[in-house]
Amino acid sequence: MRVLEGVVVCTVVLLLSLGSCAAVRPDLTITTIKQDPYTMSKGSQLEGYCMDLLSELAKKLSFKYNVHLVKDGSYGRQDESGAWNGMIGEVVRGEADLAIAPLTLTAAREKAVGMTKPFMQTGISILLRKDISEEAGFFDFLTPFSVDTWVGILAAYLGTAVCFCVVARLSPCEWSQPQTEKNSFTLSHSLWYTAGALTLQGAGPHPKALSGRIICCTWWLFGLVLLGCYFSNISTSQGSDSNSLMVKGFEDLANQQGIEYGTLSGSSTLAYFKNSNNPTYRKIYEHMERTKSFVSSMDEGVRRAKEGNFAFIGESVSLDLAVARHCELIRVHEVIGMRGYSIACTLGSPMLKNLSVAILQLSEAGELSYLRSKWWASSCMADPAKASSLQPHSLKGMFLVLALGLGLGVLLAVLELTAKSRSGAGEQRKSCCTVLSEELSQRFRGTTTNEKRSEETTDKEKA
């Protein structure tokens, strides 16, 4: 009996030992490649977007891992014999369990290894230097203000000139004897005076009445603020924007001869143009093949773009990083050939499904967006984007101040004329309204006649 119990105990212990050994998972071997900001060296450790993503996946799926850099420094390309190199080759040969890097999901790679759901979407775009990507226009000097703002400025200019003319006729301090004196503030002179005040040049004679000076000061203030906004905005308004690019897309790139262009040798981007039936894309590929304008690395493509007169064609995510790190560069808005970056594992691996689900969960939780913003943060803090043209509501305060100043000036001119009419009504023993009507008639209806008479008297005196 005791012997039987001993056998049972030994059997149980053996089974528990085997179960514990089976429960221990070996560390996964991960292969990757150095590319900023996906995988970078920090002392003896590796950091970057892919390393953070791998850490999050390990937490979700409870696995341990060892990371090494791919031996041949390649992503993975199939040669003529059908053999794969780079990270894809290591996974195919069983030298690595997973390959985590900006690996583009392609049909050829999907046949050779298992590819997860994409953890990042990208496409193909163009990288240029700003100073060769801009084309000056004849009317670029108008860009600091929008069309509506220019229309508002023109209306303010005409309204102010008319107010100068009206106030100069209404105010007795400005025009005391309309029967004999010539009014210096005609409509043409008011337009000239207002334009001179706006450009800070000045054009005499200046208003003498308080009402006219209030309008004058208000217009000067409006002009100072307007000129300040214009000159502060004109430099940034000439900055980079897709609307001012000489090359706005791939069709513009294919149809021009002044800028050389190329892409990464042996990349999926090159294969996209090579296999495309689109005439524009085929033209781009034939040009690159004819001129041999390929680059050996992403860094070389960025460097040549920075040197100028070269457009680097690459994946939009990588180009966005170059724009964030190098403030003199810009990426065009057009993106073609949308595809995704995926993690590669051995064909038929049971981890493929779990990895895809974990990636989707991280995306839904906003973790992938956080990692993108973390590693793609721009260092161009001192290089603001192009300022949009100022809209009328941006200067609504100054338009309001101008309107109040014009209204106050006209009101004071009316009060000045009313005060004169009231004093004249007592002397002439007429009602104030009658005298005021006569004054208005003399100052407006008889203006042309009075001026002609004044000119005739001057001519007679000269004769």
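General observations
- Evaluated against (1) touching a residue at least 24 places away in the same chain (Cβ under 8 Å); (2) under 41 Å from the mean Cα position of the chain (by Cα); (3) closer than 28 Å to residue 271 by Cα, residue 96 falls short on exactly one condition, (2).
- Identity of the residue in segment 127-173, crowded, with 20+ Cβ neighbours inside 10 Å and part of a strand (DSSP E or B), that ends up modelled with the highest pLDDT: 127
- In this structure, residue 192 does satisfy being surrounded by fewer than 18 Cβ atoms within 10 Å (Cβ to Cβ) and among the hydrophobic types (A, V, I, L, M, F, W, C).
- Listed by first and then second residue, the pairs with beta-carbon distance under 8 Å, at least 6 apart or on different chains, first residue in segment 27-48 and in contact (Cβ under 8 Å) with a residue 24 or more places away in the chain and open to solvent by 50 Å² or more (accessible area, probe 1.4 Å), second part of a strand (DSSP E or B) and not aromatic (Phe, Trp, Tyr), are 27/66; 34/40; 34/41; 34/69.
- In segment 286-302, the residue that is modelled with the lowest pLDDT out of those that are of a type outside the set (A, V, I, L, M, F, W, C) and surrounded by 15 or more Cβ atoms within 10 Å (Cβ to Cβ) is 293.
- Here residue 65 fits the description: aromatic (Phe, Trp, Tyr) and either more than 24 Å from residue 264 (Cα to Cα) or at pLDDT below 85 (or both).
- Checking each residue in segment 87-105 for being under 27 Å from residue 335 (Cα atoms) and part of a helix (DSSP H, G or I) picks out 87, 88.
- When the residues of segment 195-211 are filtered to those that are touching a Leu at 6+ places or on another chain (Cβ under 9 Å) and under 13 Å from residue 405 (Cβ atoms), the one that is most open to solvent (accessible area, probe 1.4 Å) is 210.
- When segment 69-104 is filtered for residues that are under 24 Å from residue 375 (Cβ atoms) and among the acidic types (Asp, Glu), nothing remains.
- Every condition in (1) touching a strand residue (DSSP E or B) at 6+ places or on another chain (Cβ under 7 Å); (2) open to solvent by less than 40 Å² (accessible area, probe 1.4 Å); (3) part of a helix (DSSP H, G or I) is met by residue 108 except one, and the failing one is (2).
- Which listed residue is open to solvent by 30 Å² or more (accessible area, probe 1.4 Å), under 30 Å from residue 232 (Cα atoms) and of a type in the set (A, V, I, L, M), from 305, 377, 324, 365: 377
- Scanning segment 77-92 for residues that are charged (D, E, K, R) and open to solvent by 50 Å² or more (accessible area, probe 1.4 Å) returns 77, 79, 80.
- Any hit, segment 144-164, residues being within 30 Å of residue 311 (Cα to Cα), of a type outside the set (D, E, K, R) and touching a helix residue (DSSP H, G or I) at 6+ places or on another chain (Cβ under 9 Å): yes
Condition check ((1) in a loop (DSSP other than H, G, I, E, B); (2) over 22 Å from residue 129 (Cβ atoms)) across all residues:
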| site | (1), (2) |
| --- | --- |
| 272 | no, yes |
| 282 | no, yes |
| 293 | yes, no |
| 301 | no, no |
| 324 | no, no |
| 349 | yes, yes |
| 352 | no, yes |
| 358 | no, yes |
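The values are calculated or read from the model by the stated rules, or taken from the named source; none is laboratory data. Note that this is a predicted model, so its numbers are computed, not measured. When we count neighbours, we look across all protein chains shown, and the Cβ atoms used for this are built from the backbone with ideal geometry, even at glycine. Quick note on the areas: whole protein, heavy atoms, side chains included, nothing else; ligands and nucleic acids left out. Shrake-Rupley method; radii C 1.70, N 1.55, O 1.52, S 1.80 Å.
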